[in-house]
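Rule-based calculations on the coordinates, nothing more; no lab input. Quick caveat: nothing in here was measured; it's all calculated off a predicted structure. Glycine also receives a Cβ, built like all others from the backbone with ideal geometry; neighbour counts cover every protein chain displayed.
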Amino acid sequence: MFGVGFFLALAFALFAVGAFGVLTRRDPLVMFMCIEMMFNSGNLALVALSRYLGLASGHALVFFVVAVAAAEVAVGLGIIIAIFRTEKDVNVDHLSELKG
Amino acid sequence: MAFTVTVMGLLIFAAAVAANFAGMILTSTILGPKRRNSVKDQPFECGSLPVGPTHTRFHIRFYLTAILFLIFDIEVVFLYPFITILRPELGVTGLWIMGAFLAVLVFGLAYEWRRGGMEWD
Amino acid sequence: MNLALPLPEYGVLGLALVVLLYDLVVPERVSRRALGWVCALGFAGVLALLLRSDAPQVAPVPTAFGGMYVADGLALAFKTLIVAAAMLASLASLDYLEARGVRWQGEYYLLLTLVTFALMCLVSAGDLLTLYVALELNSIGFYALVAVLKGRSLTSSEAGLKYLILGALSSALLLYGISLLYGLSGTVSLAGLAAWAAGAARSPALVVALALVAAGLAFKMSLVPFHMWAPDVYQAAPTPVTAFLSVAGKTAALALLVRVLDAALGGFIGVWDKLLMVLMAATFVWANLGALKQRDAKRLMAYSSVAQAGYLAIGVAAGSALGLQAALFYALVYVFTNVAAFQVLQLVAESGGPELSGLRGLGRRSPGLALILAAAVLSLAGIPPFGGFFGKFYLFAAGVREGIVAGRSWLLALVGLAVVMSIVSLFYYLILVKQMYIEPADPEAPGTGGPVAVPLGARLVLGVCAAMILWTGLYPSPILAWIRQALF
């Protein structure tokens, strides 16, 4: 079936799409989604390589990455809500109190 | 052998889908009449007129529920591999370690409850 | 397996539990101010424990959890700095939070202890898994701490969001780099990586992996061009958090660079030292020139901190035992000088505002505070009687020595640049001093009259920091002996 190279290529594609999204989009929620995509590209590469090398350590790492990413998004959503409650607008370009 | 067949099949399918798409769009742009009017620019909902704005905002409380769900939902990624190797490998020690992990979660739940995270109003 | 080995970590975790229980049990109308004292005392206890324990002096260092936790001298020394910084940060927070009426003081101190716990685990990481999880735990804690003024200050939330998005992005880069390294080496343990790096061949994939890992770590260390978050976050975060982030976060990031680049991937020093030196050269130039045009005191200190991170990284780029010792000594000096500077700015901002002009006339209003701030910034600039002079001297000497011994001329050029930019940095540090002593105070400005009020917590912070700035400058040999013993 598909070799490890296929999965690594897919992981790279996901990573590139995610990175492009973070750099071009201006909605924090969409940016989070793109960052999640980058995390998952790392996860995919880890799982594929773990399977290819016949080791369990990569699989173990992936579980922790998934949990950590969820925690990160939870805090992110909390901060977005805090901004939304005061500003009613969370576009990154409009957040420009800090400059210099 | 099996690899080549599957990949070839997939590639042919992908090419066919792309060709089909491109064909349909191209044909309709070349052949279709191009007259714009106000009726054409309206959104189409099975013939009936659209009702209300399309972008409805959910109440911000849903976000809090979503955040809390997210945290407690993810614990399952640790529970699932744990139960699959509990009997053959981990034994009683593993049970204690997982008990500690779940205790932390229950503690978090109690904290959330106490601070009013579960109250809707 | 030695479960009792991470005793300092258990201590901090226990402290976090105490804070959490206190916050749950005590009714909401009671102020959480007492928690600041509880935290400071708890950290002081852990600090005493750390100072009393001896670094292992024989080869196989003790490990726990199957090699995922390493208790070597490097970890011990960096943990001491981190816990000291946490203690000072809790003391500095006491009156700051109270004055701003922050409702989430319980959560604030809980996050502070958990971040400290994460940083301690981070410097003890023996495995990429521990490293990643600890790195994320401390970053997530810091995102929340930066935004803790929510509702009071929009900029605080805004900085939190920026920090979080950029931080998550850098974590994703690091993770992808880790996955590539894992694919090449087949191990996630740092000891395993070191064994692999000793004999592995170089490949394009390796360069990409090293670049991604270096980028991820450079973000935590805030090296240019991964520093974009630093000025915004430092300016808008609560000042005690800024101080803690700038010293403890950076110190732990330095330990991480040492562990990952020098120790685990030391076999590839010829590959990553070019990457790191480019980042450092950019840091020296950009941060020192950027600081010159700042009008906000905390923002100026943010640029200064970015520049200091560059100096610290010289020890890592040298990759020698001497470089490591120099970096650790400089980190120690930097912790106390930066905390002192931020503490004075925090006190002055209460009456004079965040602008540099708020410092005007401080030399007459509060001569003590002005003297401490002047000593701190002159130490950061590397002026003789203060600790920063010796710190920079050792770092530059280690860099030059390694450059000559190993024939790495790029390193020599980099140290030259660091010396030149260090002179440039004197300009903006002297701007602060000039504001305090020479610029006439504006009689119309609010709060320019009497002396600045200094509460007990801040008094303790300033006392400890001033003593350390002088001690490291005038009589550094016991500290150097401690460092040499820790890093044997």
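Given +1 at the Cβ of Lys and Arg, -1 at the Cβ of Asp and Glu and no other charges, the dipole of region C:176-281 around its Cα centre is 80 debye to the nearest 20. Using the Cβ of C:Phe78 as centre and a radius below 12 Å, the other residues enclosed give a net charge of +2, where K and R count +1 and D and E count -1.
Just add up the charged neighbours of C:Leu292: K/R +1, D/E -1, any other residue whose Cβ is under 15 Å from the Cβ of C:Leu292. So the environment of C:Leu292 carries a net charge of +3.
Oblate is the label for region B:61-114. Its Cα gyration tensor axes, ordered a ≥ b ≥ c, give a/c of at least 1.5 and b/c at or above a/b. Simple rule: put +1 on each Lys or Arg Cβ and -1 on each Asp or Glu Cβ in region A:4-94, find the dipole, and look at A:Ala60, A:Leu14, A:Cys34; the Cα lying farthest toward the positive end is A:Ala60. For the protein assembly as shown, the Cβ-based charge dipole about the Cα centre amounts to some 920 debye (Lys, Arg positive; Asp, Glu negative; other atoms uncharged). Ordering C:Phe43, C:Thr187, C:Val333 by Cα displacement along the dipole of region C:7-486 toward the positive end leaves C:Val333 in first place; charges were set at the Cβ atoms of Lys, Arg (+1) and Asp, Glu (-1).
Equivalent-ellipsoid semi-axes for region C:245-341 (Cα gyration tensor, √(5λ), whole Å, largest first): 25, 16, 9. Taking other Cβ atoms within 10 Å as a rough exposure proxy, B:Phe13, B:Phe72, A:Phe39, A:Phe64 sort from fewest to most as B:Phe13, B:Phe72, A:Phe64, A:Phe39. Exposure proxy ranking for A:Phe12, C:Phe329, C:Phe390, based on other Cβ atoms within 10 angstrom of each Cβ and starting from the fewest, stands as A:Phe12, C:Phe390, C:Phe329. Which shape class applies to region C:116-166: rounded if a/c is under 1.5, otherwise prolate when a/b exceeds b/c and oblate if not, where a ≥ b ≥ c are the square roots of the Cα gyration tensor eigenvalues? Taking the square roots of the gyration eigenvalues as a ≥ b ≥ c, region C:116-166 is prolate. Long hydrophobic helices in chain B: the complete DSSP H runs spanning 27 Å or more by Cα along their own axis with mean Kyte-Doolittle hydropathy of at least 0.0 are B:2-31, B:91-114. With kT/(6 pi eta Rh) evaluated at 37 °C and eta = 0.692 mPa s, and Rh the Kirkwood radius from Cα pairs, region C:22-70 diffuses with a coefficient of 229 µm²/s according to Stokes-Einstein. Only one residue of C:Val424, C:Ser409, C:Pro385 has its Cα farthest out toward the positive end of the dipole of region C:310-460, where Lys and Arg carry +1 and Asp and Glu -1 on Cβ, and that residue is C:Ser409. Cβ crowding within 10 Å ranks C:Lys392, C:Lys79 as C:Lys392, C:Lys79, fewest other Cβ atoms first. Across every direction, the projection of the convex hull enclosing the Cα atoms of chain C has a mean area of 21.5 nm².
What shape does region A:4-94 take by its C-alpha gyration tensor, where a ≥ b ≥ c are the square roots of the eigenvalues and a/c under 1.5 counts as rounded, a/b above b/c as prolate, and the rest as oblate? Cα axes put region A:4-94 in the oblate bin. For the cross-link pairs C:Lys79/C:Lys298; C:Lys150/C:Lys220; C:Lys79/C:Lys220; C:Lys274/C:Lys298; C:Lys298/C:Lys434; C:Lys162/C:Lys392, the ones whose C-alpha atoms lie over 22 Å apart are C:Lys79/C:Lys298; C:Lys150/C:Lys220; C:Lys274/C:Lys298; C:Lys162/C:Lys392. Look at the alpha carbon pairs under 8 Å that are at least 6 residues apart: their mean separation over the length of chain C gives a relative contact order of 15 percent. Each Lys and Arg Cβ is given +1 and each Asp and Glu Cβ -1; about its Cα centre, chain A then shows a dipole of about 160 debye. The helix-only estimate of mean residue ellipticity at 222 nm for the protein assembly as shown, built from DSSP H runs of length n ≥ 4 each weighted as -39500 (n - 2.57), is -25000 deg cm²/dmol after division by the residue total. Each Lys or Arg adds one and each Asp or Glu subtracts one; over the other residues with Cβ under 15 Å from the Cβ of A:Ala19, this totals 0. Taking each pair of different alpha-carbon atoms in the protein assembly as shown once, compute 1/r for the pair, average those values, and report the inverse of that mean as the Kirkwood hydrodynamic radius in Å to one decimal. Hydrodynamic radius (Kirkwood, Cα only) of the protein assembly as shown equals 27.2 Å.
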